[in-house]
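Structure, as structure tokens:
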Number of protein chains: 2
Amino acid sequence: MTMAQPTGDDLVEMLAALANPLRLRIVAKLAGGRDYVSRLAREIGVSRPLLHMHLQRLEAAGLVVGSLELSEDGKAMKYYEVADFDLHLTAPALAEAAKTLTRSDPVKGPARKERS
Amino acid sequence: MTMAQPTGDDLVEMLAALANPLRLRIVAKLAGGRDYVSRLAREIGVSRPLLHMHLQRLEAAGLVVGSLELSEDGKAMKYYEVADFDLHLTAPALAEAAKTLTRSDPVKGPARKERS
DNA sequence: TTCACGTGTAAGTAGATTCTTACACATGAA
DNA sequence: TTCATGTGTAAGAATCTACTTACACGTGAA
């Protein structure tokens, strides 16, 4: 199911997850079909621990989903696939999302003065 | 004019610019009308140098546009307004954008050098 | 037992990002 | 001149991010 209206905080997390060339490549690769970590690392040309880290970030943002499965020869394989997301970014849409931001508030307190 | 198909690199830069609560708030505020830096800083409750920095990032990504104007009383005012952007993010769309990625690193400089 | 393959995670580091404080310059009004 | 407004930018600190290297544990096959 597609997340229609993520909160401002969730949106920031999703955007941060996508704002990285390597993670964009990972999503692009997974868009062509599910894959398990070690193989994906080989195909993209990245170390497995690094890929692991990026997949964690993508999964935390809800952009990919992972599932641990057992292969026929008994090995534990972690398969990942893209989630069904659909974000539409326009100024009005962002203004709407910004209403639900809870982090990094305009500091607690009134606007600070500039000259003492 | 709206940028229909930004390159992978441009997309990453736009996403990185939007992946920040404060900058999201800035865009949201400007979506309600243009404003100049000092006033915007007061309204959002942020220091002017900090806002200046974030506006630079947003403008570099093509999400806002700034223009230096002279007020009636002769002061130099830097007005900013939102650009007309429209990004549609889906797995297939990202896969398409990923084809035009030229760098492997986040958003820094050119492609990183290989090591032997 | 050893090898080849899969998994996860911790430690350390170089470089970015975010933010504050401070300085510099211009103008109109008091 | 001094004050209040606007502009820009530099220096430093605290914190993230991205990445490498190294370790741990599991399986089936040679």
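The values are calculated or read from the model by the stated rules, or taken from the named source; none is laboratory data. What you see is a predicted model; the values in this text were computed from it and never measured. Reconstructed Cβ throughout: ideal geometry from the backbone, glycine too, with neighbour counts over all protein chains shown. For accessibility, only protein heavy atoms count, side chains too; no ligands or nucleic acids. Shrake-Rupley method; radii C 1.70, N 1.55, O 1.52, S 1.80 Å.
For every other residue with a beta carbon closer than 13 angstrom to the beta carbon of residue B:61, add +1 if it is Lys or Arg and -1 if Asp or Glu, then tell me the sum. Before the final figure, lay out the partial values.
Working: positive: B:23, B:57; negative: B:9, B:10, B:13, B:59.
With Lys, Arg at +1 and Asp, Glu at -1, the net is -2.
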Net +/- balance of residues flanking residue B:37 in space, Cβ distance below 9 Å, scoring K and R +1, D and E -1
+2
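Across peptide A:27-37, how many C-beta atoms of other chains are within 10 Å of each residue C-beta, on average? Provide the component values of the computation, followed by the final result.
Numbers: counts 6, 11, 2, 3, 8, 3, 0, 0, 0, 0, 0.
Taking all residues of A:27-37 together, the mean is 3.
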Across the residues of A:65-77, average count of Cβ atoms on other protein chains within 10 Å?
0
A correct Karplus calculation of ³J(HN,Hα) over the range B:67-77, with 6.51 cos²θ - 1.76 cosθ + 1.60, θ = phi - 60°, whole Hz and x for Gly and Pro, returns 9, 7, 10, 9, 6, 4, 8, x, 7, 7, 10
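Using the Cβ atoms and a cut-off under 14 Å, what net charge is assigned to the surroundings of residue B:96, where Lys and Arg are +1 and Asp and Glu are -1?
Here the charged neighbours net out to +1.
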Quick one: give the max-minus-min coordinate of the C-alpha atoms of the range A:8-93 along each principal axis, largest first, in Å.
52, 22, 21
Accessible area of the range B:1-44 belonging to carbon and sulfur atoms, whole % at 1.4 Å probe:
48 percent
Can you give the accessible area per residue of the range B:8-97, in Å², using a 1.4 Å probe?
44 Å²
Ranked highest first by the average count of other Cβ atoms within 10 Å around their residues, in what order do B:24-35, A:63-74, B:68-79, A:19-30 fall?
A:19-30, B:24-35, A:63-74, B:68-79
